[in-house]
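No value in this document is a laboratory result; all are computed from the given coordinates. The structure presented is a predicted model; accordingly, all values stated were derived computationally and were not measured. When we count neighbours, we look across all protein chains shown, and the Cβ atoms used for this are built from the backbone with ideal geometry, even at glycine.
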Amino acid sequence: MKIELGIPKGTRDFGPEQVAKRHYIMNHIREVFELFGYEPIETPAMELLSVLTGKYGEEGDQLLFRVLNSGDFLKDVSQEDIAKGAAHLANVICEKGLRYDLTVPFARYVVMHQHELAFPFKRYQMQPVWRGDSPQKGRYREFYQCDADVVGTDSLLCEAEIVLMITEVFRRLGIEDYTIKINHRELLRAMSEWIGAAGQEQALCVAIDKLDKIGQEGVVRELQERGFAQHQIEQLLPLFEVNGTYAEVLKHFAEQMKELASAKKAIEDLQAIQSLLEEASGQPLNTFPLMLDPTLARGLSYYTGAIFEVKVNNVAIGSVSGGGRYDNLTGTFGKEGLTGVGFSFGLDRLYDVMEALDLFPKDTRAGVDVMLVHFDAESRKGVLPLLQRLRGAGIKAELYPQADKIKKQMKYANKKGTPWVLLAGSEELQRQSVQLKNMHTGEQVEIAVDEVVGFLKQKLYNR
RNA sequence: GAGGUUGUAGCUCAGUUGGUUAGAGCGCCAGAUUGUGGCUCUGGAGGUCGCGGGUUCGAAUCCCGUCUUCCUCCCCA
């Protein structure tokens, strides 16, 4: 019987080469997170739907993958439930779902473990998340987020350090041309108040967020469709023509909206972030690729303060990182008064960016340094002690396991990109020596068994 | 959720207005080279043309459905 092979839509397999590259990115991110004092945690792939729902806005809830209850999931279903439709029924027969991001599970974790934690609590987390939207470029149904959050402090130093972490990770990865966009939810609120549309900032955000995609005319049309009056739109438009440096944009808004409390809060925060960033780094703000973008909105509904998004320039992939401050995410889990801020790298998009810009080093693959070829049972036995000596010395080594022809063994090593091959037949073993062949250059030397470790160490580490 | 696109050998793709036995390159296997990969030469294996139905004497080709791929919108990492 032949079964149909495949993997679910929007998921992918990763081969050794891809995994090596993914680890390369994750290792750099991990190092930077730890450098800034964040500690790792992990949480389950599944969360209770009661934890997940209602945190991501309406759209987000629809993109949740639900997990069917085990056993007889129909036993408590009534005709009434069925009549109420699929959306209702899903809540009856599913009580678990795959996590949609790492921030909400983190908030849940903090509340559940609050007595064990030292606040401010700084954690990082690199795990897959799942979203049920249709796959396309840079968009997957299963992808990894590399998330760093701190809860229990409203210090804007955290925001400044997020900028520092982003720039440090990008520096290490070799990504040079990128933009960190920053905005503030209160500034968006101020804008909606300013045009007399208080409470409609959600609709406003969705429309103006598209400015760079559909242009000003498109945004006007979008705003009209969403029920904004002509005079409101006209009042709004000049705000987006403001461009210039972070400080200039900030100054513009400070002058325009000084009488609004919401604007005041946003402006104070953004100014504080600027000076903290300058003080922490010892560099003026213009050395950072930071842009104050009043049209940046971000859909996740739990953000309340500064929001971030990072875009790599000249690569057609969506944002590779995003985040922001959320004032009361733990409140819904019963722990009031905890404010948090965090951000996340999208590993898979970073991977796509690195690939597009050809930024991966050539030797990320985790193969062995040397493969031992054997000729027969006798020579295999003779070479086995050497295998362990190599490994003992920290040299990655393997012995081709079965009795195939030399040609086939060599081919195997070549295909895996193994840089060195060690051959030892009865003649060499009798002389207490082996043949070492460099697979890149084709050069081969005969060398005493006792000198192999030293020789390879020198060749491998003194390049 | 809306629109478009793709599917033929392991991979990348040809395949004419529907017409004999569906092709190429790369890869794979074997040999040239019985203790040496990568280059070269020779030979070989490998396909239910995504799946289901329909039109036709005849379908990879036309029609319908379905799944899948990739892309755009929405939204996001």
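Just a few scattered comments:
- Taking every alpha-carbon pair in segment A:263-317 and binning the separations at 10 Å intervals from zero gives 18, 46, 31, 5 percent.
- Extension gain (nm, one decimal) between A:Gln230 and A:Met112, 0.36 nm per residue minus Cα-Cα: 37.6 nm
- Förster-model FRET efficiency, 25 Å R0, A:Glu336 and A:Gln202, C-beta, rounded to 0.05: 0.60
- Over segment A:133-221, Cα pairs under 8 Å with separation of 6+ residues give a relative contact order of 10 percent.
- From phi via Karplus (6.51, -1.76, 1.60), per-residue ³J(HN,Hα) for segment A:136-144 in Hz, x at Gly/Pro: 7, 4, x, 10, 10, 8, 10, 8, 9
- Once the mean of 1/r is taken over each pair of separate Cα atoms and inverted, segment A:279-369 shows a Kirkwood hydrodynamic radius of 16.3 Å.
- Mean separation of Cα contacts under 8 Å, 6 or more apart, over the residue count of segment A:327-396: relative contact order %: 19
- Spin-label model, A:Phe14/A:Glu446: points 7 Å from Cα along the beta carbon direction are separated by 4.6 nm.
- Rg and Dmax of segment A:96-202, Cα atoms only, in Å: 17.5, 47
- Taking the helices alone, chain A has a mean residue ellipticity at 222 nm of -13000 deg cm²/dmol, built from -39,500 (n - 2.57) per DSSP H run of at least 4 residues and averaged over all its residues.
- With eigenvalues of the C-alpha gyration tensor scaled by 5 and rooted, segment A:188-239, Å: 16, 11, 10
- Annotation: amide H of A:Phe65 within the under-5 Å range of A:Leu98, A:Gly132, sequence separation 5 or more or interchain, hydrogens built in the peptide plane.
- Over 17 Å [Cα-Cα, segment A:198-271], rounded percent: 50
- C-alpha center-to-center spacing [segment A:179-246, segment A:364-409] in angstrom: 65
- Potential lengthening between A:Ser301 and A:Val67 on full extension [0.36 nm per residue; Cα-Cα distance subtracted]: 81.9 nm
- Rounded to the nearest angstrom and listed largest first, the equivalent-ellipsoid semi-axes of segment A:341-433 from its Cα gyration tensor are 38, 15, 10.
- Calculated FRET value between A:Leu285 and A:Asn314, using beta carbons and R₀ = 22 Å, to 0.05: 0.40
- Share of alpha-carbon pairs per 5 Å distance bin for segment A:316-384, given as whole %: 3, 12, 11, 9, 8, 9, 8, 7, 9, 7, 5, 4, 4, 3, 1
- Backbone HN-Hα couplings from phi across segment A:313-330 [Karplus 6.51/-1.76/1.60, Hz, Gly and Pro as x]: 6, 6, 10, 7, 9, x, 5, 9, 7, x, x, x, 9, 10, 7, 9, 5, 6
- Hydrodynamic radius of segment A:361-415 per Kirkwood, over alpha carbon pairs, in Å: 12.0
- Computed from the C-beta positions of A:Leu35 and A:Asp133, the FRET efficiency with R₀ = 45 Å rounds to 0.85.
- Mean Cα-pair separation over length for chain A, i.e. relative contact order, pairs under 8 Å, 6 or more apart, %: 16
- Pairs of Cα atoms farther than 28 Å apart, segment A:140-292, %: 30
- Average projected area [Cα convex hull, segment A:219-372], square nanometres: 15.7
- Dmax and Rg, reported as Rg then Dmax, of segment A:28-112 (C-alpha, Å): 16.8, 57
- Its Cα gyration tensor gives segment A:119-174 an equivalent ellipsoid, and the semi-axes of that ellipsoid, as √(5λ) in whole Å with the largest first, are 26, 17, 10.
- Computed from label points 7 Å out along Cα-Cβ, the spacing between A:Lys408 and A:Asp76 is 5.9 nm.
- All lysines inside 21 Å of A:Lys416 as judged from Cα atoms, apart from same-chain residues fewer than 8 positions distant: A:Lys21, A:Lys362, A:Lys396, A:Lys405, A:Lys407, A:Lys408, A:Lys437, A:Lys457, A:Lys459
- Only Cα sites of chain A enter the Debye sum here, all with the same form factor; the resulting log10 I(q)/I(0) across q = 0.07, 0.08, 0.09, 0.14 1/Å is -0.51, -0.64, -0.76, -1.31, listed in q order.
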